[in-house]
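Encoded as structure tokens, the structure appears first; notes follow it.
The values are calculated or read from the model by the stated rules, or taken from the named source; none is laboratory data. Everything numeric in this text was worked out from a predicted model, so none of it was measured. We place every Cβ from the backbone using ideal geometry, glycine too, and count neighbours over all the protein chains shown.
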């Protein structure tokens, strides 16, 4: 059962990743990208970490894919993109992918991990939260500062003084 | 001369009936019975009274009064019943239908109209059924240059996502929920995140101006109000220390969280109105500006499915508000405390000689109790109730609270005008997010001051 599920999710993830690259229509390509990200969430569920899976769905499928879709819909693609049909590049990309996969596979085979025990308890997300708030608090504070800084920077960049509009507003 | 059936002959009529009966019998024999057998082969059949339930046994027991209750009980506690009927789709669709009826009549009364009046004689009770029949029987028109696969898929995906949201809502104590997840609240956020995608995809696929404008507006609105929606619920998560919705309800057995975080409740309610595209935030469907917004090109049952999905979503959001802030199914017991003996063994009724001939059980209880010997101790006093009593009591409180919240969601439609898009985004990004952070700091203050903590009053 788990093997069949794993195979199905793998086919979904890899297939929609290939579709995301190869589709002519940009909107369908971004839908296929959503399929890939959702498949990754499925892997997280299979690996007993529903917390990460739900964040994957909420953040990647729910927000980032929406932003990509939004951008794609507002772009006139004929004006920006030129079709480049180059079989050499395609074969080079496939070759690079095969090399990377073989190298990673060799490393994993070499590491001596033959089997994975599935009986161990999943990591409780409360423990992760507790660790973040106690032992790893400097990392948490650093992350919060970086995020706050980037949000403020984005707000400063996006700020626009529309004096005319502001005068017209009544509220 | 116009008559209904100009060439009516009894012979043709009988021949039609016999033809239909012949074909129905043939198809059922060739396809239906093998299909039923294949389905039965893969189904897990329950064991009732030590006997494995087969289809033949089920048909036999249907007409045996002593076996009917165990049969219905085994159905009542199956997964299929949960998904299709009680805490799942059927229950939510019933509440959604009631919501549509109440919305029409209440808005009409607010605006000194009568509303639907003629169908069903009593206050237009059957108007909803009439509208449903109309939507089913209407032709589905698809725009010529629409993106057909996406256009077909959008209403179905919308209803499916709304049903997934409904599946996460616990309705009564004792695990009456379709999917009881450990990370239920996060799953709710993940499901809510799918609505803008479906909206914008359906708007784009119609290849028409009004739907696209409506879809872009819906995307702006939903994405910007999702953030205060999520932040306003984090205060409750900090205080309860869990993400499981059932545990959040159980943590409110003494007091609902709205007492301690009214700001969070107000922020959540406002963000909820925006997510549901209700007035005053109904810019995506603004019928006086852009025909029907992103629903413009939908016709027939596709429109009906989108409407069904949006009312299921309304129910689910109202139920989420009840679960997080109003204490879900918790409330005083309606039941008088009955004797243990009375429920477990029933009251023997003697005949004129004094011999007990008949045993009467407490009404309704044998049906709703999973196991009559299973007793649940209530904390208030030393009273004991069965799981059936707790179920009925919980459902009554839950429905009462949910209906009250739905009423407050409907009310602004008769009162407020639509607001401008810049005011909407201003409310979302400046005011609501700020208030949500105030709410989180109130929760943190309560925890660090030692007043409240995970699990209730310390």
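Annotations
- Filter result for residue A:78 (surrounded by fewer than 16 Cβ atoms within 10 Å (Cβ to Cβ), more than 13 Å from chain B (Cβ to nearest Cβ), assigned to a helix (DSSP H, G or I) and modelled with pLDDT under 85): yes
- Residues of segment B:229-265 satisfying the condition of being closer than 30 Å to residue B:295 by Cβ and within 12 Å of chain A (Cβ to nearest Cβ): B:229, B:230
- In summary, helices (runs of 4 or more DSSP H) completely within segment A:1-65 and bearing 2 or more residues that are within 14 Å of another protein chain (Cβ to nearest Cβ) occur at A:26-46, A:50-55.
- Sole exception among (1) modelled with pLDDT under 85; (2) surrounded by fewer than 19 Cβ atoms within 10 Å (Cβ to Cβ) for residue B:389, by number: (2)
- Number of positions in segment B:136-178 that are part of a loop (DSSP other than H, G, I, E, B), within 15 Å of the chain's Cα centre (by Cα) and within 13 Å of chain A (Cβ to nearest Cβ): 1
- Apart from one condition, residue B:68 fits all of (1) more than 30 Å from residue B:391 (Cα to Cα); (2) surrounded by 11 or more Cβ atoms within 10 Å (Cβ to Cβ); the exception is (1).
- Scope segment B:38-69; condition without any contact (Cβ under 8 Å) to a residue 24 or more places away in the chain and within 25 Å of residue B:179 (Cα to Cα); matching residues: B:39, B:40, B:42, B:43, B:44, B:45, B:47
- Within the set A:110, A:86, A:121, A:131, the sole residue that is within 14 Å of another protein chain (Cβ to nearest Cβ) and either over 23 Å from the mean Cα position of the chain (by Cα) or modelled with pLDDT of 85 or more (or both) turns out to be A:121.
- For the condition modelled with pLDDT under 85 and not in a helix (DSSP H, G or I), residue B:243 does not qualify.
- For residue B:226: the one exception among (1) within 21 Å of residue B:408 (Cα to Cα); (2) outside any loop (DSSP other than H, G, I, E, B); (3) away from chain A (no Cβ under 13 Å): (3)
- Residue check for residue B:181: assigned to a helix (DSSP H, G or I), within 13 Å of another protein chain (Cβ to nearest Cβ) and either surrounded by fewer than 23 Cβ atoms within 10 Å (Cβ to Cβ) or modelled with pLDDT under 90 (or both): no
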